[in-house]
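Below is one structure, written out as structure tokens, with a few remarks after it.
The values are calculated or read from the model by the stated rules, or taken from the named source; none is laboratory data. Keep in mind that what you see is a predicted model, and the values were worked out from it rather than measured. Cβ placement follows ideal geometry from the backbone for every residue including glycine, while neighbour counts extend to all protein chains displayed. Side chains included, ligands, DNA and RNA excluded: accessible areas come from the protein's heavy atoms. Shrake-Rupley method; radii C 1.70, N 1.55, O 1.52, S 1.80 Å.
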Amino acid sequence: MKDRNKKAAIIYSSIGTGHKTAANALCEWFSKFNVDTICVDALAYVNPIVRGIYARSYLEMVRKAPQIWGYFYESTDSPEAAIGLLGGLHELTVKLNARKLLKILMDFSPDAIVFTHFFAASAVAQEYKGKAPIFLVNTDFLSHVFHRDRDVYDGWFTASEEALLQYEADGIDIEKVYISGIPIKPCFVMPPSKRSARDRLGLSQEGSVFLVMGGGIGVGPLEDVVESLSQIREATVLTLCGNNEELREAMEERFFDSVNVKVFGFVKGMEYVYAASDAIVMKPGGLSTSEVLCMKRPFFLCGVIPGQEQRNSDYLLDRGAAKTIFEPRRAAHTLLKVLGDEGEQAKLLEASEKLARPKAGEAIVKKVLEFI
């Protein structure tokens, strides 16, 4: 009788989009190794009212009071400050019908459990610790103490040596911490060419194409950046508003008579959108920047939110992989200055190539399989 396939449960939380994107990418990589997977949103199994409050409080804070979010993120990033919060979150997830999530896992019977967000991890560990290895995948370039709970996880996957130092400073055995990079979809190993991408998107092969992204939740000074770039002669500006419908409608209204500005909401097949572009203006989300690092395109950071985005920005800028747009209304000046300097472009692309980890998902899968 043929042995059954190994099974991995990938658990994310629908707060923003990066955790889900990473989870889906891991499922694709696991399938390449004939591992059966389920991809589960932990928030889908708690009380709907609390789920709405939990997710919306983050979104509202990030969109309307980013400084408050940054203060919360930084002030809780210490073992001492986090003890009460982590304990409270654990108790909360157990009370808020974590048994439903545990029932899903019990029916699936995983050989390994991988989290891309810490929510519900402690409740799952209470049931599965010692039965199946439990891992946490960091989806930003640096870690937060909420990710470094040694009582919950059997191993961690991080994106940088600096993150590894954070684990070491907390007294965690760094033999259990693996620098893998942030998992992105296999399509980024061999992304499409500019020509094929523009054909697919119905864009002209002539002229410049600039991509402006507000992240999965659509925040940041998109309007000013797009307005500036739209003034560049013979340039097309692709504008992505993510899941922010209010922003998308506002952008469509503002640029309805601009034939060179194309406004989109959430887009699938991002590899083609990246590939069609000559330069990218974006927020420093861990997933999106990990994708862009593989595209060999100069990219610029704008509208950085305090907290994890600020840390991602610092990491990328410190390594010379990105440039900053300090004044969104003059974004065109900054882009054209860099694009007109071949030496500057070469430095950016060389730094990006050093940080790119298109096979991070594969590295994670191979390591997980060593445990099962």
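Hey, rough spin-label estimate for Glu350 and Arg233, points 7 angstrom out along Cα→Cβ, what's it come to in nanometres?
About 3.3 nm separates the two model spin labels.
Fully extended, how many nm does the chain gain between Val267 and Lys32 (0.36 nm per residue separation, minus their Cα-Cα distance)?
Stretched fully, the Val267-Lys32 segment lengthens by 82.2 nm.
Near Ser313, within a Cβ-to-Cβ distance under 12 Å, what is the net charge of the other residues, with Lys and Arg +1 and Asp and Glu -1? Intermediate values should be presented prior to the final figure.
Details: positive: Lys283, Arg311, Arg319, Lys323; negative: Asp140, Glu309, Asp314, Asp318.
So the surrounding residues net to 0.
Find, among the chymotrypsin sites (Phe, Trp or Tyr not before Pro) in segment 1-44, those assigned to loop by DSSP (not H, G, I, E, B) with at most 14 other beta-carbon atoms within 10 angstrom.
Values: sites: Tyr12, Trp29, Phe30, Phe33; in loops: Phe33.
Within segment 1-44, the qualifying chymotrypsin sites (Phe, Trp or Tyr not before Pro) (loop, at most 14 other Cβ atoms within 10 Å) are Phe33.
How high is the relative contact order of the chain, in percent, with contacts defined as C-alpha pairs under 8 Å that are six or more residues apart? If you can, show how the numbers build up before the last one.
On the way: 681 pairs, mean separation 65.3, N = 372.
Averaging sequence separation for qualifying contacts and normalising by length gives 18 percent for the chain.
Compute the length gained on full extension between Lys176 and Leu369: take 0.36 nm times their separation in residues and subtract their Cα-Cα distance, giving the result in nm to one decimal. The partial results should precede the final answer.
Details: separation 193, 0.36 × 193 = 69.48 nm, distance 1.42 nm.
Using 0.36 nm per residue and subtracting the Cα-Cα distance, I get 68.1 nm.
Mean projection of the alpha-carbon convex hull of the chain over all orientations, in nm²? Numbers along the way, then the final one.
Details: hull surface 76.1 nm².
Averaged projected area of the chain's Cα convex hull equals 19.0 nm².
Suppose every Lys and Arg Cβ carries +1 and every Asp and Glu Cβ carries -1, with no other charges. What dipole size does the chain come out with about its Cα centre, to the nearest 20 debye?
Working: 44 positive and 48 negative charges, 210 e Å.
Value, rounded to 20: 1000 debye.
Counting only protein heavy atoms and a 1.4 Å probe, tell me what percentage of the chain's accessible area is made up of carbon and sulfur. Before the final figure, lay out each step's value.
Working: 8720 of 17270 Å².
Result for the chain: 50 percent of the exposed heavy-atom area is carbon or sulfur.
Please name which of Val368, Asn243, Gly18 has its Cα lying farthest along the dipole of the chain towards the positive end, using unit charges on Cβ (Lys, Arg +1; Asp, Glu -1) and the Cα centre as origin.
Toward the positive end, the furthest listed residue is Val368.
So which lysines can Lys100 reach, going by Cα to Cα under 22 Å and dropping same-chain residues fewer than 8 places off?
Lys7, Lys20, Lys129, Lys131
So how strong a dipole does segment 214-308 carry about its Cα centre when Lys and Arg Cβ are +1 and Asp and Glu Cβ are -1, to the nearest 20 debye? All intermediate terms of the calculation are to be shown ahead of the outcome.
On the way: 8 positive and 13 negative charges, 85 e Å.
It works out to roughly 400 debye.
Of Ala275, Ile113, Ser290, which is farthest along the charge dipole of the chain in the positive direction, counting Lys and Arg as +1 and Asp and Glu as -1 at C-beta?
Ile113
Return the distance in nm (one decimal) between the two label points of a simple spin-label model at Asp107 and Arg330, each offset 7 Å from Cα along Cα→Cβ.
5.9 nm
Which order do peptides 136-142, 146-152 fall in by mean Cβ count within 10 Å, highest first? Can you show the working numbers first?
Values: 136-142: 25.4, 146-152: 18.7.
In decreasing order of mean packing, 136-142, 146-152 become 136-142, 146-152.
Helix-only mean residue ellipticity at 222 nm, the chain, DSSP H runs n ≥ 4 weighted -39,500 (n - 2.57), per residue, nearest 500. What is it? Don't jump to the answer; show the numbers that get you there.
Numbers: 16 runs with 172 residues, N = 372.
Result for the chain: -14000 deg cm²/dmol, rounded to the nearest 500.
Just to confirm a number: summing +1 for Lys and Arg and -1 for Asp and Glu over residues other than Gly285 whose beta-carbon lies under 11 angstrom from that of Gly285, what do you get?
Working: positive: Lys283; negative: Asp140, Glu291, Glu309.
Result for the neighbourhood of Gly285: -2.
Find how much the distance from Ser258 to Ser196 grows on full extension, using 0.36 nm per residue of separation minus their present alpha carbon separation; answer in nm with one decimal. Before the final figure, lay out each step's value.
Values: separation 62, 0.36 × 62 = 22.32 nm, distance 2.50 nm.
Taking Ser258 through Ser196 to full extension adds about 19.8 nm, to one decimal.
Skipping prolines and chain starts, which residues have an amide H placed within reach, meaning under 5 Å, of the one on Thr324, given they are 5 or more residues away or on another chain?
Amide H neighbours of Thr324: Leu301.
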